Amino acid sequence: MDNRINAVYARQSIDKKDSISIDSQIEFCEYELKGGSYREYKDKGYSGKNTDRPDFQRLLCDIESGQIAKVVVYKLDRISRSILDFARLMELFQRYNVEFVSSTEKFDTSTPMGRAMLNICIVFAQLERESIQQRVTDAWHSRCQKGFKMGGKTPYGFRTEPYIMQGIKTKRLVVQPKEAAFVKLMYEMYVDPQISLHDITRTLTKQGMRTFHNRALSRATLSIILRNPIYVMADLEIYEFFKSQGTEIVNGAEDFISVNGCYYYQGKGNNENKHTHLEGQTLVLAPHEGFIPSDVWLQVRKKLLANKAFQPARKARNSWMAGKIKCGRCGYALQSAHSNGILYFRCTIHAENNSCPGCGTVKMHELHAFVYGEMVKKLQEFKTLTSRKRAAKANPKLTAKQLELAKVEGEIEKLVESLTTAGATLVSYVNAKIEELDGRRQALTREIAALTLDALPVAQIEAISNYLDDWGNVSFEDKQKVTDYLITRIRATNENVEIEWKI
């Protein structure tokens, strides 16, 4: 005998004239149940853009615990407006043998026709979502090619001011004299063949220069500034340089008159319509004036192109804690170094400009031994704590959080790729959306870390334990994997080590 109950779920974002109240939604669902008993789940004041709603999460928990036989809603969008959420929820309902009914749209997954109609609805919802995203993307690219100032962080050396361009309100860059003086000094110093990026960061930090959020200048930030044509007084030499690099140049050569700076966009190709999408690299003259002479900018750019010392980060070779180990004082990454044949860790910020006092002398082999010992103790505590109630199956709630995190990260990636530094009225919501998604991503990361305690299956615990028992013979890559399973972050100095655990 099936002792499960029916569930009615209702959601209302805000009270307004054209929105249906929660009570009205429940009445429609009651009619669908024809007088049968049910349990109410209600979320008022929550959007349907995600599933992070108190009563909806309570409903999912009750489904996973085997209490629910059927879920009835007034309309599909009361559950979610996301295709990924729908797909995940339908899989969850199927796994727990739960029927789903939308009372006004007459979708009933207990029938073949209902399942088919639901799938069709989901497909068209996804099509609409992608069409909206495409229109916004096209509008953004169109504005880029016309030289509009897009949103995002204002480049160092400038401030923004309101500006009307082609009858449309936007913003343009205006030189910030104090910061611009530092930028000029960067270029003048780097023209010297004997001067390195490290020399410049150290010198300017001593002179009191600070970048965004009052941070000391790093080599990465310096490299970005020295590569950016936003500062250059663009002339024909600049035009020819970028043309030789295969860059698509929107403006004609006659417009490069040694006055304006340039916006430089690096798009991703594979688009069918070159007139509406930025492919590869695109250069557009900006309405603001540059302040770095083109000959100086080109000398710096060519030196950077020939400089093999500053390269993207490579795979870790010396420490299986790479990516986890941070300075206990400033929070920036520690990097490996060696002296007299001994490997040790040093703070990257301290090494670049001394703005951090550093972590002291942290010998790599000593820290490896300490962290290994702590992992052994932590896993033993974990096994003792969970031995009584350990379930072999995966935690559905953790799986749901991981799926949501993947969706959030995917949405952030799409926004960053297609609407990088988006702004202006047409796409002003994008920046707010990215901030909102990033906040959700951080919250999900914390929740997943907390839920990991219930997620590691017995077999995985035993595998990790076996690795730790035979640590001397475990490969470098497997040591990294074990560390990643157990540890979120390690903050170290020569006086103290703090480990942030995932379990």
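Details
- Every listed requirement among (1) closer than 24 Å to residue 441 by Cβ; (2) free of Cβ contacts under 8 Å to residues at least 60 places away in the same chain; (3) touching a strand residue (DSSP E or B) at 6+ places or on another chain (Cβ under 7 Å) is met by residue 79 save one, (2).
- Flag for residue 283 being surrounded by 14 or more Cβ atoms within 10 Å (Cβ to Cβ), modelled with pLDDT of 90 or more and of a type in the set (A, V, I, L, M): yes
- Pairs, first under 8 Å from residue 282 (Cβ atoms) and of a type in the set (Gly, Ala, Ser) in the range 257-268, second assigned to a loop (DSSP other than H, G, I, E, B) and modelled with pLDDT under 95, C-beta under 6 Å, six or more apart: 267/278; 267/279
- Residue ranges of helices (runs of 4 or more DSSP H) in the range 1-102 with at least 2 members among the basic types (Lys, Arg): 83-95
- Within the range 1-60, if we keep just the residues that are charged (D, E, K, R) and touching a Gly at 6+ places or on another chain (Cβ under 8 Å), the residue that is surrounded by the fewest Cβ atoms within 10 Å (Cβ to Cβ) turns out to be 4.
- Residue check for residue 174: in contact (Cβ under 8 Å) with a residue 12 or more places away in the chain, within 25 Å of residue 305 (Cβ to Cβ) and among the β-branched types (Val, Ile, Thr): no
- When we screen 184, 206 for residues that are loosely packed, with under 14 Cβ neighbours inside 10 Å and at pLDDT 80 or above, the only hit is 206.
- Candidates 105, 91, 32, filtered to the one that is within 29 Å of the chain's Cα centre (by Cα) and either modelled with pLDDT under 90 or among the basic types (Lys, Arg) (or both): 91
- Residues located in the range 162-174, provided they are surrounded by fewer than 17 Cβ atoms within 10 Å (Cβ to Cβ) and either modelled with pLDDT of 95 or more or within 20 Å of residue 211 (Cα to Cα) (or both): 174
- Test: residue in the range 188-196 that is surrounded by 20 or more Cβ atoms within 10 Å (Cβ to Cβ), touching a Phe, Trp or Tyr at 6+ places or on another chain (Cβ under 7 Å) and in the same structural domain as residue 293 (by TED's automatic domain parsing): no
- When we screen 80, 110 for residues that are closer than 20 Å to residue 8 by Cβ, at pLDDT below 90 and surrounded by fewer than 16 Cβ atoms within 10 Å (Cβ to Cβ), the only hit is 110.
- Scanning the range 189-216 for residues that are part of a loop (DSSP other than H, G, I, E, B) and touching an Asp or Glu at 6+ places or on another chain (Cβ under 8 Å) yields a total of 1.
The values are calculated or read from the model by the stated rules, or taken from the named source; none is laboratory data. No experiment lies behind these values; they were computed from the predicted model shown. Note that we place each Cβ from the backbone using ideal geometry, even for glycine, and neighbour counts take in every protein chain shown.
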